[in-house]
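A short write-up of the structure that comes next.
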């Protein structure tokens, strides 16, 4: 079965063709990072216009790279939320047009579910159940994956997502955008124990996250030093901040895995590429007899392979949409 996946929830226009949910025939991503760098973050209207300009070419390239035609495609899967509403609408509109014209099934895909599904592509033998940490610029969720289409949220952010906090601290440190990879790189040169930034626990029975406090603590710390004319080591700040965030992500996720008696923790989303998170999660989980897996970096960022994979399992469950499908920017899992 060949699924054409389409992803346009933020600033990547992506299309991919995936066979039987796990074999990648093509993975085309047109990123807008260079466009948004000068703004220090994604500008929704600019992102939407860029999606309009590139989506047809990206889909055509995905088909060409896979050496297939529209006639070979069995179904079309598309991200319909959550995300930037204007950006989502471009992908949804393109997918609906193709499904209607080609008389192919249309499969709606939740963006977070897509990130989780990237692990099935990266690890061909992976099967549920397992616990997954989805951490990106817009999301921080702990999800219990009991079956391919059965997902239970065990914890989520109450405010800023982990990736959003990385971006904001990178901006304050003058590192640029996107902040996650830049913080990760700089932190390797610093002392992670130089500054003790707060680790927030909502209450003892909650696995929810809160990263606004640590973000504010870092900003206030830097402002106080600057007001006093004191110098500081950016690498130490980056390492200490990263250490605080990854401590919380690891502690809550491993606790969730223990609660569910899961022997596998999967990582997903852009922050899953963070080297400190991968190393810390792997080492700490091992103490409890839990294995940690994650996709390659290209499958951690927004891509259409994960959407096509999710679409495949949605197809098997008969989860189809009609022409009334719309973008849902605040879609809940």
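Each value in this text was obtained by applying a stated rule to the coordinates, not by laboratory testing. Bear in mind the structure is a predicted one, so any value in this text is a computation, not a measurement. In this analysis, Cβ positions are derived from the backbone assuming ideal geometry, glycine residues included, and neighbour counts consider all displayed protein chains.
What is the helix-to-structure angle for 162-172, meaning the angle in degrees between its Cα long axis and the longest Cα principal axis of the chain, kept from 0 to 90 and rounded to the nearest 10?
60
Under a point spin-label approximation (7 Å from Cα along Cα-to-Cβ), what is the residue 31-residue 147 distance to one decimal in nm?
3.7
Report the label-to-label distance for residue 103 and residue 200 in nanometres (one decimal), using points 7 Å from each Cα along the Cα→Cβ vector.
5.4
Please give the contour-minus-distance gain from residue 123 to residue 49: 0.36 nm per residue of separation, less the Cα-Cα distance, rounded to one decimal in nm.
23.1 nm
Quick check on the exposure proxy: order 241, 70, 166 from fewest to most C-beta atoms within 10 angstrom.
Neighbour counts put them in this order, fewest first: 70, 241, 166.
What angle do you read, to the nearest 10 degrees and between 0 and 90, between the alpha-carbon axis of helix 275-286 and the longest principal axis of the chain?
90
At a threshold of 8 angstrom on Cα-Cα distance, excluding pairs fewer than six apart, so keeping six or more, what relative contact order does segment 128-297 reach in percent?
26
What ranking do 293-300, 245-252 get when scored by the average of other Cβ atoms within 10 Å per residue, highest first?
Most protected by this proxy first, the peptides run 245-252, 293-300.
For residue 324 and residue 233, what is the calculated FRET efficiency with R₀ set at 56 Å and r taken between the beta-carbons, to the nearest 0.05?
0.50
May I ask for the angle, rounded to the nearest 10°, between helix 111-122 and the longest principal axis of the chain, with both axes built from Cα atoms and the value confined to 0 to 90°?
Its long axis makes an angle of about 80 degrees.
Would you mind telling me the antiparallel percentage of the DSSP bridges in the chain, rounded to 5?
60
How much mean residue ellipticity at 222 nm does the chain get from its helices, if each DSSP H run of length 4 or more adds -39500 (n - 2.57) and you divide by all residues, to the nearest 500 deg cm²/dmol?
Estimated from H runs of four or more residues: -14000 deg cm²/dmol.
Taking 0.36 nm per intervening residue step and subtracting the Cα-Cα distance, what contour gain separates residue 67 from residue 255 on full extension?
Length difference between fully extended and current span is 63.2 nm.
First check a/c for segment 81-137, with a ≥ b ≥ c the square roots of the eigenvalues of its C-alpha gyration tensor; if it is under 1.5, answer rounded, and if not, answer prolate when a/b is larger than b/c or oblate otherwise.
oblate
Sort 6-18, 124-136 by the packing proxy (mean of other Cβ within 10 Å over each peptide's residues), most packed first.
Ranked by mean Cβ neighbours within 10 Å, highest first: 6-18, 124-136.
Starting from 0.36 nm per residue, how many nanometres of slack lie between residue 224 and residue 286 once their C-alpha separation is accounted for?
Fully extending the segment from residue 224 to residue 286 adds 18.4 nm.
Only counting other Cβ atoms within 10 Å, I'd like 260, 204, 168 sorted with the fewest neighbours first.
204, 260, 168
Answer rounded, prolate or oblate for segment 45-146, using the Cα gyration tensor with square roots of eigenvalues a ≥ b ≥ c: rounded when a/c is under 1.5, else prolate when a/b is larger than b/c, else oblate.
Oblate.
Provide Rg over Rh for the chain; use the alpha carbon set for both Rg and the Kirkwood Rh (inverse mean inverse pair distance).
0.99
Stokes-Einstein at 37 °C, 0.692 mPa s, Kirkwood radius from Cα pairs: D for segment 128-297 in µm² s⁻¹?
This corresponds to a translational diffusion coefficient of 203 µm²/s.
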